[in-house]
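Q: Please see the structure below; I have some questions.
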Amino acid sequence: MLLRSINAVPSFRIGQCRSCSRIVSTLPFRRPRLTSIGYVSREWNSRITAQRGKTVYPERLLVYHVGVGKTALVGCIKVSTIMAFAFACLVVAPSFYNDPASPSWAPAAVIAMGAFPMIFVASVSAPFVSTIHLHLPPEARISKERMMRYTQLLGPGARLEITAIRLIGSRKTVGTRVSELRSFKSLFSIADLKRVPQKQAALGSSWNFQQKFYVGEKEASKRSRAPGAWDNIMRQIRKNSID
């Protein structure tokens, strides 16, 4: 009897443990709510990432635009002076040369008169700028406030793309940095801005005819995608000229 009672006890305990395991296994499992700092930080980072994904401005922001009409007008004037010079050289000058009654200096005078408008327009309107684009970092593309703040606090590495009109009417794009631009005044040209590369600035030489531009159109900033941004950039350029 004693042995039977002893043997019965373990079997009863084993059966009880198995029944407990069944009860525990049938209970619904609930994940504890995370309230730790790590959970909050992950949620905050996800919100910031989602906010950065929504950009208001492109990477190349148009900050200066004179308009299609004025750009086409300047291009047509330049092309017309080239055509007038070609007409003087190919048609008018040979007719004077073949005419026995005309003086010997007449062909040369005709060529010079035909070349004068082309040279004048090329020297005066060569730096005419049609558009300027500013490269924006990702954090400055989220909202207008951040974009304007970036233009107010431009660093030396801020990049610009300046598009000017060539003599033949085509466009030429020059990539530069804000730190390389200086305000400029000339008696023989309409240029009011010049580019001084870092190498030339180190040597103390800033003369380069092809690196002078005209950006004096006041309405050009209003036609851009960010009115007022070019005014902030020009303040930084004037500050570079003083320094």
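Q: I want to check the label-to-label distance for residue 148 and residue 70. Put each point 7 Å from Cα in the C-beta direction and report it in nm to one decimal.
A: In this crude spin-label approximation the distance works out to 2.3 nm.
Q: Rounded to the nearest 0.05, what FRET efficiency do residue 185 and residue 90 have when you use their Cβ-Cβ distance and R0 = 45 Å? Let's see the in-between values first.
A: Working: r = 39 Å, r/R0 = 0.86.
The computed FRET efficiency comes out at 0.70.
Q: Work out, step by step, the length gained on full extension between residue 161 and residue 104: first 0.36 nm times the residue separation, then minus their alpha carbon distance; give nm to one decimal.
A: Details: separation 57, 0.36 × 57 = 20.52 nm, distance 4.99 nm.
Extending this stretch completely gives an extra 15.5 nm.
Bear in mind these aren't lab numbers, they're just calculated from the coordinates by the rules spelled out. Computed from a predicted model, the values in this text were never measured in an experiment. Neighbour counts run over all protein chains shown; Cβ positions are idealised from the backbone, glycine included.
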